[in-house]
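Pasting in a structure now, in structure tokens, and then I'll have a few things to ask.
The values are calculated or read from the model by the stated rules, or taken from the named source; none is laboratory data. As the structure is a computational prediction, the values presented were derived from the model and not from experiment. Note that each Cβ is placed from the backbone with ideal geometry, even for glycine, and that neighbours are counted across all protein chains shown.
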Amino acid sequence: MDADGGLVGPEDPVAQAWQVMANLEAQLAAGGATPDDVVKTTVYVAGASHEHQLAVWEVVQASPFATAPSTLIGVALLGYRGQLVEVEAIAVVDR
């Protein structure tokens with residue numbers, strides 16, 4: 001989703017993956033964290049297309065989150081109509 005809550009990249013898992021990475025960076029920054037603070041990600045890709053899963057994985061590996069251990073999971077569907085990608089991240093920040 002973009003900043004206005006609109007779906008980014010309908011039917012385009014790569015566009016959605018890049019948006020998810022940007023959203024994740026913004027949320028981390030809002031909490032005083034950076035991608036370097038992420039210790040694990042779980043990447044969910046809707047649909048059975050191995051090509052989509054691989055394309056999303058390549059985005060994750062090209063992102064600032066590539067160094068964190070990560071799991072890629074194919075799922076039947078996600079929470080929003082048209083949503084193809086979701087990333088859950090765990091960050092550890094010393095305060």
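Somewhere in the range 43-57, is a residue closer than 30 Å to Arg95 by Cβ and either touching a residue at least 40 places away in the same chain (Cβ under 8 Å) or in a helix (DSSP H, G or I) (or both)? Even if it seems obvious, please write down each step before you answer.
Quick first cut of the range 43-57, residues closer than 30 Å to Arg95 by Cβ only: 43-44.
Applying the additional criterion that residues be either touching a residue at least 40 places away in the same chain (Cβ under 8 Å) or in a helix (DSSP H, G or I) (or both) yields 43-44.
Yes; the residues of the range 43-57 include at least one that is closer than 30 Å to Arg95 by Cβ and either touching a residue at least 40 places away in the same chain (Cβ under 8 Å) or in a helix (DSSP H, G or I) (or both).
Another question, if that's okay. Might you check whether a residue that is more than 10 Å from the chain's Cα centre (by Cα), within 14 Å of Glu86 (Cα to Cα), assigned to a loop (DSSP other than H, G, I, E, B) and modelled with pLDDT under 95 occurs anywhere in the range 22-34?
No, there is no match, as no residue in the range 22-34 is more than 10 Å from the chain's Cα centre (by Cα), within 14 Å of Glu86 (Cα to Cα), assigned to a loop (DSSP other than H, G, I, E, B) and modelled with pLDDT under 95.
Limited to the range 63-84, what total is found for residues that are under 16 Å from Gly9 (Cβ atoms) and surrounded by 11 or more Cβ atoms within 10 Å (Cβ to Cβ)?
So the answer is 6.
A follow-up question, please. Among the numbered criteria (1) over 18 Å from Leu72 (Cβ atoms); (2) modelled with pLDDT of 95 or more; (3) of a type in the set (Val, Ile, Thr), which one does Val8 miss?
(2)
Can I ask one more? Given the condition on the phi > 0 side of the Ramachandran plot and modelled with pLDDT under 95, answer yes or no: does some residue in the range 42-59 qualify?
Quick first cut of the range 42-59, residues on the phi > 0 side of the Ramachandran plot only: 47.
Now narrow it down to the ones that are modelled with pLDDT under 95: 47.
Looking for residues that are on the phi > 0 side of the Ramachandran plot and modelled with pLDDT under 95, one finds at least one in the range 42-59, hence yes.
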